[in-house]
Amino acid sequence: MVQATPLLLVLFLALGAHGLPAKKVLSGMGCTGRAGWAGGCGCRLCCGTSAEFSPLQCNLVGRWVNDLGSNMTITAVNANGVFAGSYHTAVTATSNEIRLSPLHGAQQKGPNQKGQPTFGFTVNWSFSDSITVFTGQCFVDEDGKEVLKTMWLLRSRVENIKNDWKATRVGINVFTRLQSQE
């Protein structure tokens, strides 16, 4: 009897390395997510196991662009989930020249994240008296592409407490990974 687990591992690694959606390729071969000769895997590549296919992993590290054209780079996530990077916004409510701004955050490293972690980060704007906090989750969509779904609060400085009502804005952004142009 042939064990296909190493073969499937190589297949997933190869598809991931080239950015192909492994789920669609396997489903196109007759695999439904369960392995075994009799159950749901007409592709005959997977035999002798009933293990579920593991989902693709979402990785925060890299360059991202959001739906407004803002660019974000996350340089590294350490073992505790702490990360840093930079943010270059495409939009502003000030008349100041937009400058690259630092970001600092954390990714949840708990066992229930299943490769699609939750995270939060703060951007301390270098060109204004405001700060923004983002919270979100890193997903891998049906096509195998990574997507960051976020919600944010932007706090601007106001002159006095009577103007506090207009100091906080809320919004959402969707980030997709920028492909390197090598």
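Taking the range 122-139 as the range and being within 24 Å of residue 95 (Cβ to Cβ) and of a type in the set (Ser, Thr, Tyr) as the test, the residues that pass are 122, 126, 128, 130, 132.
Residues of the range 162-179 that are outside any loop (DSSP other than H, G, I, E, B) and either open to solvent by less than 100 Å² (accessible area, probe 1.4 Å) or of a type in the set (Ser, Thr, Tyr) (or both): 163, 164, 168, 170, 171, 173, 174, 175, 176, 177.
Considering 122, 135, 168, 150, the condition of being among the hydroxyl-bearing types (Ser, Thr, Tyr) and touching a Phe, Trp or Tyr at 6+ places or on another chain (Cβ under 7 Å) is satisfied by 150 alone. Among the residues of the range 123-144, those identified as over 12 Å from the mean Cα position of the chain (by Cα) and either farther than 17 Å from residue 59 by Cα or aromatic (Phe, Trp, Tyr) (or both) are 123, 124, 125, 126, 127, 128, 129, 130, 131, 132, 133, 134.
From the list 158, 123, 133, 147, the lone residue that is among the hydrophobic types (A, V, I, L, M, F, W, C), without any contact (Cβ under 8 Å) to a residue 24 or more places away in the chain and part of a strand (DSSP E or B) is 133.
Conditions tested, residue by residue: (1) open to solvent by 60 Å² or more (accessible area, probe 1.4 Å); (2) outside any strand (DSSP E or B); (3) at pLDDT below 95; (4) at positive phi.
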site	(1), (2), (3), (4)
69	no, yes, yes, yes
72	no, no, no, no
93	yes, yes, yes, no
153	yes, no, no, no
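Residue under question is residue 85, and the condition is that it be out of contact with any Lys or Arg (no Cβ under 7 Å at 6 or more places or on another chain), surrounded by 18 or more Cβ atoms within 10 Å (Cβ to Cβ) and either at pLDDT 95 or above or closer than 24 Å to residue 176 by Cβ (or both); does it hold? In short, yes. The selection criterion, being open to solvent by less than 50 Å² (accessible area, probe 1.4 Å), closer than 12 Å to residue 60 by Cα and within 14 Å of the chain's Cα centre (by Cα), holds for residue 116. If the condition is being under 14 Å from the mean Cα position of the chain (by Cα) and more than 19 Å from residue 137 (Cα to Cα), then the range 148-182 contributes only 179. Take the conditions (1) surrounded by 15 or more Cβ atoms within 10 Å (Cβ to Cβ); (2) over 22 Å from residue 174 (Cβ atoms); (3) of a type in the set (Gly, Ala, Ser); residue 76 misses just one of them, which is (1). Among the conditions (1) modelled with pLDDT of 95 or more; (2) surrounded by 17 or more Cβ atoms within 10 Å (Cβ to Cβ); (3) out of contact with any Asp or Glu (no Cβ under 9 Å at 6 or more places or on another chain), residue 147 misses just one, which is (3).
The values are calculated or read from the model by the stated rules, or taken from the named source; none is laboratory data. These figures come from a predicted structure and were not determined experimentally. For neighbour counting, all protein chains shown are included, and Cβ atoms are generated from backbone atoms with ideal geometry for every residue, glycine included. Calculation scope for accessible area: heavy atoms of the full protein, side chains included, ligands and nucleic acids excluded. Shrake-Rupley method; radii C 1.70, N 1.55, O 1.52, S 1.80 Å.
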